[in-house]
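S.K.: The following block contains the structure, expressed as structure tokens.
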Amino acid sequence: MTAHPELARRAQLISSLDEKYVSNAVTFAAMHAAGTMIVDGGPLRAPDGTLDRTAIRRRVERLSWFAPAMRQRLVSTPLRLTTPAWVPVTSLDLDYHVRFADDIEPDDPTRVERFTGRLSPTMDPSRPLWDFEFVELDTGRVAIVMRYHHVVGDAMYGLRIGDVIAGTTPAPEPPEPGEAEYDELGVAPRNGFEVLAIAFAQWRERNPGVRQAWRAYWRKSFRMRLRRWGGRMLRPVKNARIARTGLLVGVREGRSSAYEVADLAAATRRAYKLGGTVNDLVTAATLLAMARQRPDAETLSILVPISRRGAGDGGVRNDISVVKVSVAASAPLEEIVPSVRAQVQAAVESGGSVVEGAEDWVGYATSVTWGRDERFFGTAPVETVTGWPAGDPRDEVACLACSYRRELVISVTARSSVDLPALMATYRELLAPAPVPVGTDAAGAAR
């Protein structure tokens, strides 16, 4: 980035809801979201046949200008008086953010742990919270393992970053950033006090007039504000204790992942016939699969995230509510799907989170859509896309279904107490799996 002394100094406080994703070291480590694109490796190679690391890093660096979240990091304000703030960074350490695996991995759909992001190190909270790893597969294809932290945004926001990284038309050369990109990002404040000044000016702009500002401030009680401030001040102490006790080890261990591929059109038809959406069907299948592993259970509950975005909310990073869905463990799929639909719709209409009763949920299930258009990383066609779920390490199961082109990929991460092969067999049974073409038994590798 060249010198632009006229650029505005920018900072943006994260919301109190987003702050929960960085509330302590365990939560920070758990909330690494990951997605994997499998692309044709040919266009990414240099004349000698190796991955052209210089060209790949140059592409990611240039594209990052068109996704400002990739050029921001979190900083604390003086005395931690407010939530942390996003501030721009002038340059990226591409050796840190864009890595290349030394070994060639098998293009094997039964070996996916490398592609979930759990084997990569925990991100550095002082840097922009994303990274890419390029992994060569023995079929010549390349897996691009993309990670970003949940505080950056939810799955819908992550897809917006994906739109920048992989466009719908081949692009031999990445675009050059212009004045519009420099202006949107701006430059970092000089110090923490300037961050506070910018944040206060933004708050006053949202709440003009003394009366409106007074009402806005007292929407949250002083006691709540004091408690949150105390939590921020104690955060370094908590994190030091976590480091001493080894609690971080349990965040990534004791879990395994798998995926299944379903024909999107068939799954959509089945969901419609049962009275729901694909999201309802995926949630119902997860509940039914877990019910089969708990034959003595009377009811089962699961959390379902709901996007609250409306027109003009595309820039909101995290904007989800959560509904706790409960069903009879003995109910068939034909009853579970409409029940899920009714409970989710009631939460949507209420306009907020609906989590009532005991904290007895088995985990969460959700789905996202990346559209039917083919995408390209440069000129390399994106053949498959998978999003891996991130969540509370106490969850028994977490399911994220992602649709791309004609496929619906259902990816699951579960604790060791769950019979994962049996769980995935239930998805195969209930979600109309796509036939695997002859001679391409590894087509879904590293999803």
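S.K.: Please find, in a Gaussian network model of the chain (springs between Cα atoms separated by less than 10 Å), the residue of SER221, SER307, SER91 whose mean-square fluctuation is greatest.
M.R.: SER221
S.K.: How big is D for the range 1-101, in µm² s⁻¹ as a whole number, if Stokes-Einstein is applied with the Kirkwood radius of its Cα pairs at 37 °C and 0.692 mPa s?
M.R.: Values: Rh = 16.7 Å.
D, rounded to a whole number, is 197 µm²/s.
S.K.: While we're looking at this one, here's another question. Starting from the Cα-Cα distance between ASP419 and ARG45, subtract it from 0.36 nm times their residue separation and give me the gain in nm to one decimal. If you can, show how the numbers build up before the last one.
M.R.: Working: separation 374, 0.36 × 374 = 134.64 nm, distance 4.01 nm.
Taking ASP419 through ARG45 to full extension adds about 130.6 nm, to one decimal.
S.K.: Please work out how many pairs of lysine residues in the chain are eight or more positions apart (or on different chains) and have Cα atoms closer than 27 angstrom. Please report the intermediate quantities before stating the final value.
M.R.: Details: LYS20/LYS220; LYS20/LYS238; LYS20/LYS324; LYS220/LYS238; LYS220/LYS324; LYS273/LYS324.
Qualifying lysine pairs in the chain: 6.
S.K.: Compute the Rg/Rh shape ratio of the range 276-347: radius of gyration over Kirkwood radius, all on alpha-carbon atoms.
M.R.: Details: Rg = 13.9 Å, Rh = 13.0 Å.
Answer for the range 276-347: 1.07.
S.K.: A further question follows. For the chain, with a Gaussian network of springs between Cα atoms less than 10 Å apart, report the residue from LEU248, LEU79, LEU333 with the top mean-square fluctuation.
M.R.: Among LEU248, LEU79, LEU333, the largest GNM mean-square fluctuation belongs to LEU79.
S.K.: Now for a separate question. Search the structure for amide H atoms under 5 Å from the amide H of ARG111, placed 1.01 Å from N in the peptide plane, and list their residues when 5 or more places away or on another chain.
M.R.: The list, which skips near neighbours in sequence, is ALA446.
S.K.: Using protein chains only and a probe of 1.4 angstrom, how many square angstrom of SER353 are accessible, to the nearest 10?
M.R.: Its heavy atoms expose roughly 80 Å² to the probe.
S.K.: Taking the alpha-carbon set of the range 81-211, what are its Rg and Dmax in Å?
M.R.: Values for the range 81-211 (Cα only, Rg and Dmax): 19.3, 66 Å.
S.K.: OK, next. Among PHE377, THR426, GLY391, whose Cα lies farthest out toward the positive end of the dipole of the range 369-437, if unit charges sit on the beta carbon of Lys, Arg (+1) and Asp, Glu (-1)?
M.R.: It is PHE377.
S.K.: May I ask for log10 I(q)/I(0) of the range 305-418 at q = 0.10, 0.13, 0.16, 0.24 Å⁻¹, from a Debye sum over the Cα atoms as equal point scatterers with solvent left out?
M.R.: -0.39, -0.66, -0.97, -1.47
S.K.: I've got another one for you. How many Å³ per residue does the convex hull of the Cα positions in the range 351-408 occupy? Don't skip to the answer; put the middle values down first.
M.R.: Numbers: hull volume 7.5 nm³, N = 58.
So the per-residue Cα hull volume is 129 Å³.
S.K.: Using DSSP to call loops (not H, G, I, E or B), can you name the trypsin sites (Lys or Arg not before Pro) in the range 75-135 whose Cβ has at most 13 other Cβ atoms within 10 angstrom?
M.R.: Details: sites: ARG80, ARG99, ARG111, ARG114, ARG118; in loops: ARG111, ARG118.
Hits after loop and neighbour filter: ARG111.
S.K.: List, largest first, the extents of the alpha carbons of the range 192-308 along their principal axes, each in whole Å.
M.R.: So the three principal-axis extents are 55, 44, 30 Å.
S.K.: Whenever you get a sec, line up TRP65, TRP218 from highest to lowest accessible area (probe 1.4 Å, protein heavy atoms).
M.R.: Sorted by accessible area, descending: TRP218, TRP65.
S.K.: Using all alpha carbons of the chain, what is the percent of pairwise distances in each 20 Å bin, ordered from the shortest bin to the longest?
M.R.: 23, 56, 21, 0
S.K.: Follow-up. Thinking of the range 50-117 as a set of Cα atoms, what percent of all their pairs are more than 20 Å apart?
M.R.: On the way: 1207 of 2278 pairs.
Counting pairs separated by more than 20 Å, the tail of P(r) holds 53 percent.
S.K.: By DSSP, what percent of the beta bridges with both residues in the chain are antiparallel, rounded to the nearest 5? It would help to have the intermediate numbers written out before the result.
M.R.: Values: 58 of 72 bridges.
If I count the DSSP bridges inside the chain, around 80 percent turn out antiparallel.
S.K.: Given charges of +1 on the Cβ of Lys and Arg and -1 on the Cβ of Asp and Glu, with all other atoms neutral, how large is the dipole of the chain about its Cα centre, in debye to the nearest 20?
M.R.: So the dipole magnitude of the chain works out to roughly 2260 debye.
S.K.: Based on the alpha-carbon set only, what is the convex hull volume of the range 101-155 divided per residue, in Å³?
M.R.: 93 Å³
S.K.: Taking every alpha carbon pair in the range 156-199, what does the distance histogram look like in 5 angstrom bins from 0, in percent?
M.R.: Each 5 Å bin holds this share of Cα pairs: 5, 15, 14, 17, 18, 13, 9, 6, 3.
S.K.: Connecting C-alpha atoms closer than 10 Å in a GNM of the chain, tell me which of GLY35, GLY254, GLY391 has the biggest fluctuation.
M.R.: Taking springs between Cα atoms under 10 Å, the residue moving most is GLY254.
S.K.: Could you tell me what % of all Cα pairs in the range 198-251 have separations over 13 Å? Display every interim value, and only then the final one.
M.R.: Details: 1023 of 1431 pairs.
Result for the distance tail: 71 percent.
S.K.: Leaving ligands and nucleic acids out of the surface, order ASP124, ASP103, ASP419, ASP131 by accessible area at 1.4 Å, largest first. Present the calculation step by step, with values, prior to reporting the outcome.
M.R.: Numbers: ASP124 50, ASP103 100, ASP419 80, ASP131 5 Å².
Ranking ASP124, ASP103, ASP419, ASP131 by accessible area, largest first, yields ASP103, ASP419, ASP124, ASP131.
S.K.: With +1 on the Cβ of every Lys and Arg and -1 on the Cβ of every Asp and Glu, and nothing else charged, how large is the dipole of the range 257-338 about its Cα centre, in debye rounded to the nearest 20?
M.R.: On the way: 9 positive and 9 negative charges, 37 e Å.
Approximately 180 debye in magnitude.
S.K.: Round to the nearest 10 and report in Å² the accessible area of ARG215, as given by a 1.4 Å probe over the protein chains' heavy atoms.
M.R.: About 130 Å², rounded to the nearest 10.
S.K.: Name the residues of the range 90-108 whose amide N is less than 18 Å from a point 7 angstrom out from the Cα of THR139 along the C-beta direction?
M.R.: Answer for this model: 104-108.
S.K.: Please compute the modelled spin-label separation between ARG394 and ALA358, points set 7 Å along Cα→Cβ, answer in nm with one decimal.
M.R.: It works out to 1.4 nm between the two label points.
The values are calculated or read from the model by the stated rules, or taken from the named source; none is laboratory data. Since the model is a prediction, treat every value here as computed from it, not as a measurement. Positions of Cβ are backbone-derived with ideal geometry, glycine not excepted, and every protein chain shown enters the neighbour counts. All accessible areas refer to the heavy atoms of the entire protein, side chains included, with ligands and DNA or RNA removed. Shrake-Rupley method; radii C 1.70, N 1.55, O 1.52, S 1.80 Å.
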